[in-house]
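Here's the structure we're looking at; comments come further down.
None of the figures in this text is laboratory data; all of them are computed from the coordinates on show. Because the structure is predicted, anything quoted here is derived from the model rather than measured. Cβ coordinates were reconstructed from backbone atoms using ideal geometry, including for glycine residues, and neighbour counts include every protein chain displayed.
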Amino acid sequence: FQDEDGSHIKGLIINFLHTFWPELLHGDFIESFVTPLLKARYKGECLSFYSMDEYKKWKERTENAEKYTVKYYKGLGTSTSKEAREYFSNIEKYLVRFRYEDESDKERIDMVFDRGRADDRKIWINEMLQKESSDNQFRNETSYKDFIDNEFFRYSLLDLRRSIPSVVDGLKPSQRKVLHTLLRRSSNKEIKVNQLAAAVALNEAYHHGEGTLVTTIVRLAQDFLGANNVCLLEPLGQFGTRHEGGDDAASARYIYTKLSPITRQIFPAADDDLLDYLQEENQLIEPDWYCPIIPMVLVNGAEGIATGWSTLVLGHNIREVIDNVRRLIDGDDIKKMTPSFSDFSGKIEELDTNRYAISGSYKIVPSQRKNTPNLRIEIIELPVGEWTNRYKQNTLHTLQKKGLIRLV
């Protein structure tokens, strides 16, 4: 991989060697084979770019950049046999040697991979953002510190954008791409999930596997307890159940979806022309963010773990969210909201600020036999996110093996 994900893999390999054989970092042991990430062609001219930032800077200063045909090279498999012969016939041109300069190299590696240094990663990212720009020029030699401050920093920013939903629309980029593809269709007819995934990959410049898009689409349409309070897509088929947390969804070849009727009410068509659409490889793709009429990040919640930061927002009742939006419009004080999940019959208790205890419920069933020492308990509800089969395997079956309970 030549993109930010490739930088992540390089970092993981460096950390692996640094952890088990740190002396290997002090010599000329580590080299990286780097090929262009993008190529722009026009009238026999072919320009190579080794990072997206390098390409964007060229595009800004080139008047006829729109005339170039741009190709994104996700990995070596994208290259033709002719290009491969070109790379390997002059391999020294494409090799990057890593050098160990001083303790700052070791410190940088520790900082980005030590689980206990999330706060240091926050400081590092904020400090790097204050700089005008990172170094995007291709060089045949780099220190470990420079690699982390440039390549790995770009991956960290992408990780944040990809993993932490926007507070504006509550969506991650992959979810936004799916929504944009469906909103721009001329009709809202049913479409197979695997076909929709292919359409998103084609029209939204998605450079990762379509399998990931299938998962994203399925998750947007799941309506069992613990999934979405309000589904933006309709689940037309078996999209998974609470038994397996949605992992028991049918194959993408067999299930269909389309926009839910409420989706266009939440994301009005009148706003489409006002949004700031992104551009990649000379094509307009999804907007930077949508602007729903209510904060969907509160309705369906949000969860994500990225470099330095993580987030967990619990879902809320859509009617309570709407009522508070109206209070804000009228200039009134909003009312405190407690997390809520559709059809949940358990208990949600606030422990302190932003901390809640979510518990299920049970009842004791009277025994039909008198003087029996056994107690019969019927589990009525499980905590949100505790899937039925997992609870059976990890809790009930374990207790059964120990002879503490008997399942009926």
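Structure values in brief
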| read-out | value |
| --- | --- |
| Magnitude of the charge dipole, the chain, Cβ model with Lys/Arg +1 and Asp/Glu -1, debye to 20 | 1940 debye |
| Per-pair calculated FRET efficiency, R0 = 41 Å: Leu12 and Glu63 via Cβ, rounded to 0.05 | 0.50 |
| Highest-MSF residue in the chain out of Glu141, Glu103, Glu54 [GNM, Cα springs under 10 Å] | Glu103 |
| Relative contact order of region 173-299, pairs being alpha-carbon contacts under 8 Å that are 6 or more residues apart, as % | 25 percent |
| Karplus-derived HN-Hα couplings along region 63-68 (A = 6.51, B = -1.76, C = 1.60, θ = phi - 60°), whole Hz, x at Gly and Pro | 5, 9, 4, 5, 7, 7 |
| The chain: most fluctuating residue of Pro373, Pro173, Pro287 per GNM, C-alpha cutoff 10 Å | Pro373 |
| Value of relative contact order over region 360-401, rounded to a whole percent, pairs C-alpha under 8 Å and six or more apart | 37 percent |
| Relative contact order for the chain, counting Cα pairs under 8 Å that sit 6 or more residues apart, in percent | 12 percent |
| Length added when fully stretched, Asp273-Phe33, from 0.36 nm per residue minus Cα-Cα | 82.1 nm |
| Inter-label distance, nm, simple model (7 Å from Cα along the C-beta direction), Ser143/His243 | 5.9 nm |
| Selected from Gly11, Gly211, Gly331 as most flexible by GNM, with the chain as the system and alpha-carbon contacts under 10 Å | Gly331 |
| DSSP-defined beta bridges in the chain - what % are antiparallel, rounded to 5 | 90 percent |
| Amide H within-cut-off set for Val313, under 5 Å, with H built and near neighbours excluded | Ala302, Glu303 |
| Dipole in debye (nearest 20) - region 173-299, about Cα centre, beta carbon charges: Lys, Arg +1; Asp, Glu -1 | 420 debye |
| Selection from Thr307, Phe267, Tyr362 lying farthest towards where the dipole of region 264-408 points positive, charges on Cβ | Tyr362 |
| Efficiency of FRET between Ser48 and Tyr362 - r from beta-carbon atoms, R0 56 angstrom, step 0.05 | 0.30 |
| Filtered trypsin sites (Lys or Arg not before Pro), region 1-44: DSSP coil and at most 14 other beta carbons within 10 Å | Lys43 |
